[in-house]
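Working notes, beginning with the structure itself.
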Amino acid sequence: MDTVLLTDSEADLLRAAELIKNGSIVGIPTETVYGLGADAGNEAAVRAVFAAKGRPADNPLIVHLADFSQAAEFTSAIPETAKKLAERFCPGPLTMVLPKNDRIPMVTSGGLDTVGIRVPSHRVMHRIIELSGCPIAAPSANTSGYPSPTTAQHVMRDMNGRIAAVVDGGQSEFGVESTVISFDGEDAVRILRPGAVTREMLLEVCGTVTIDPAILHEVEAGAKVASPGMKYKHYSPKADIIMVEGSIEGFTELVGENRGDGVYALVFDGDGELFPYRHLTYGADSSQQAHLLFQRLRELDELGAEKVYVRAPSPEGMGLAVYNRLIRAAGFEVIRV
Ligand code: AMP
Ligand code: MG
């Protein structure tokens, strides 16, 4: 099966929606990253999504809806806090974990009795949900473990021949996956995965916002985790990633001591003139770094990088999302200079 590259014209979105209705898988642009969309209620289609990615069966898929009001059709209870958060952040890059009902098959939820619900703001994803009339299960459209795709070409590289089509909707705006939260009690939420909806933004609506420890620290083998994705190696290019915290001076010295064939650095914009070794840059602030991180990790593989020293942003605001992806890409190897 050759994968068809579709445009974002209405006719092509209709084609994409028909494919999903008929049980096929389509790569779809969203404001976070590209997703692999399938009908969330079609068990065979969902199994094919797991197979296309090589994703472990216990890692749940997020279900995407056109409007938060539809959440009642797929869940058994919606806390008041969730409704308040939906008013503020839906549509947008926020996924809320809610108790599911039996319209969401167990394969979709990775065997859990909860489901992550998101209402994407991207015009293309939104239109495909509307036209298909399906709740769309969509994990990131990368091979499991590899950096998430932020362009249609990235999806083609990972999925050509494995899925029916990819819709080209340009480059993803945020560049990192959605913020995932669960509900800890009245007026209290827990961040299971950081994203563009930051802790500070959630605190504008919610009294208590806890950051799950697994966001910044490695979970022990066999430990029970709130979010199954936390257990797995993630976001990792072929190159060995080494995350470095501290000043540009210390970073420059470290890379100088370790320079050699296949050694690259990924630095901030503005580090450029001071930094004499082979490198790419990935933005001046944490939003730009989120936007470019996965693309740069893929580019470094194409350049044949074997070892990459990466300057890490401080884990605050949107920086927490970038830090979380990097520390996983680095297999929790962090050097402080
Ligand atoms: P991805 O599909 O690649 O964006 O990854 C989705 C991630 O969201 C998973 O790896 C989980 O960590 C998290 N997630 C999705 N559904 C749930 C759920 N029901 N409970 C907890 N975490 C979830
Ligand atoms: Mg993913």
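Could you list all residues from region 226-236 that are in a loop (DSSP other than H, G, I, E, B), more than 8 Å from ligand 1 (Cβ to nearest atom) and out of contact with any helix residue (DSSP H, G or I) (no Cβ under 6 Å at 6 or more places or on another chain)?
Scanning region 226-236 gives a single hit, LYS233.
For region 16-34, what are the residues that are of a type in the set (Ser, Thr, Tyr) and more than 13 Å from ligand 1 (Cβ to nearest atom)?
Of everything in region 16-34, just one residue is of a type in the set (Ser, Thr, Tyr) and more than 13 Å from ligand 1 (Cβ to nearest atom), namely SER24.
For region 233-262, give me each residue that is buried (at least 16 other Cβ atoms within 10 Å of the Cβ) and within 16 Å of ligand 2 (Cβ to nearest atom).
HIS234, TYR235, SER236, PRO237
Read through the list (1) closer than 13 Å to PRO147 by Cα; (2) modelled with pLDDT of 95 or more; (3) of a type outside the set (Phe, Trp, Tyr), then give the number of the only condition that VAL244 fails.
Of the numbered conditions (1) closer than 13 Å to PRO147 by Cα; (2) modelled with pLDDT of 95 or more; (3) of a type outside the set (Phe, Trp, Tyr), the odd one out for VAL244 is (1).
What number of residues within region 322-337 are surrounded by 21 or more Cβ atoms within 10 Å (Cβ to Cβ), touching a Leu at 6+ places or on another chain (Cβ under 9 Å) and not hydroxyl-bearing (Ser, Thr, Tyr)?
6
Give region 203-215 a look and list any residue that's loosely packed, with under 15 Cβ neighbours inside 10 Å, assigned to a loop (DSSP other than H, G, I, E, B) and within 16 Å of ligand 1 (Cβ to nearest atom), or say none.
none
Residues being in contact (Cβ under 8 Å) with a residue 12 or more places away in the chain and over 23 Å from ARG157 (Cβ atoms): count how many of those fall in region 11-45.
Looking only at that region, the number is 11.
Search region 4-34 for residues being under 12 Å from ASP168 (Cβ atoms) and part of a loop (DSSP other than H, G, I, E, B), and hand back the single one that is farthest from the chain's Cα centre (by Cα).
Among those residues, the one meeting the criterion is SER9.
Kindly indicate whether any position in region 135-153 is aliphatic (A, V, I, L, M) and within 16 Å of ASP67 (Cβ to Cβ).
yes
Condition (residue is in contact (Cβ under 8 Å) with a residue 12 or more places away in the chain, of a type in the set (Gly, Ala, Ser) and either surrounded by fewer than 19 Cβ atoms within 10 Å (Cβ to Cβ) or farther than 30 Å from TYR264 by Cβ (or both)) applied to region 216-225: is it met by at least one residue?
Taking every residue of region 216-225 in turn, none turns out to be in contact (Cβ under 8 Å) with a residue 12 or more places away in the chain, of a type in the set (Gly, Ala, Ser) and either surrounded by fewer than 19 Cβ atoms within 10 Å (Cβ to Cβ) or farther than 30 Å from TYR264 by Cβ (or both).
Read through the list (1) in contact with a Leu (Cβ under 9 Å, 6 or more places away or on another chain); (2) crowded, with 18+ Cβ neighbours inside 10 Å; (3) closer than 30 Å to ASN59 by Cα, then give the number of the only condition that ALA265 fails.
Here ALA265 clears every test but (3).
Which condition breaks for ILE181 when tested against (1) within 16 Å of ligand 2 (Cβ to nearest atom); (2) in contact with a strand residue (DSSP E or B) (Cβ under 8 Å, 6 or more places away or on another chain); (3) aliphatic (A, V, I, L, M)?
Here ILE181 clears every test but (1).
Just to confirm my filter: which strands (runs of 3 or more DSSP E) fall fully inside region 237-337 and include at least 2 residues that are free of Cβ contacts under 8 Å to residues at least 12 places away in the same chain and of a type in the set (D, E, K, R)?
none
Could you please find all residues in region 167-178 being among the charged types (D, E, K, R) and away from ligand 2 (no atom under 14 Å from the Cβ)?
Within region 167-178, ASP168, GLU173 qualify.
Which of the residues spanning region 168-201 are within 16 Å of ligand 1 (Cβ to nearest atom), surrounded by fewer than 20 Cβ atoms within 10 Å (Cβ to Cβ) and more than 20 Å from THR75 (Cα to Cα)?
If the condition is that a residue be within 16 Å of ligand 1 (Cβ to nearest atom), surrounded by fewer than 20 Cβ atoms within 10 Å (Cβ to Cβ) and more than 20 Å from THR75 (Cα to Cα), then GLU173 is the only one that fits.
Residue-wise test of (1) in contact with an Asp or Glu (Cβ under 7 Å, 6 or more places away or on another chain); (2) assigned to a loop (DSSP other than H, G, I, E, B); (3) among the small types (Gly, Ala, Ser); (4) at positive phi.
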{"site": "PRO149", "(1), (2), (3), (4)": "yes, yes, no, no"}
{"site": "SER172", "(1), (2), (3), (4)": "yes, yes, yes, no"}
{"site": "VAL180", "(1), (2), (3), (4)": "no, no, no, no"}
{"site": "ALA196", "(1), (2), (3), (4)": "no, yes, yes, no"}
{"site": "MET201", "(1), (2), (3), (4)": "no, no, no, no"}
{"site": "VAL219", "(1), (2), (3), (4)": "no, yes, no, no"}
{"site": "LYS224", "(1), (2), (3), (4)": "no, yes, no, no"}
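The values are calculated or read from the model by the stated rules, or taken from the named source; none is laboratory data. Everything numeric in this text was worked out from a predicted model, so none of it was measured. Don't worry about glycine lacking a Cβ; one is built from the backbone with ideal geometry, like all the others, and counts go over all protein chains shown.
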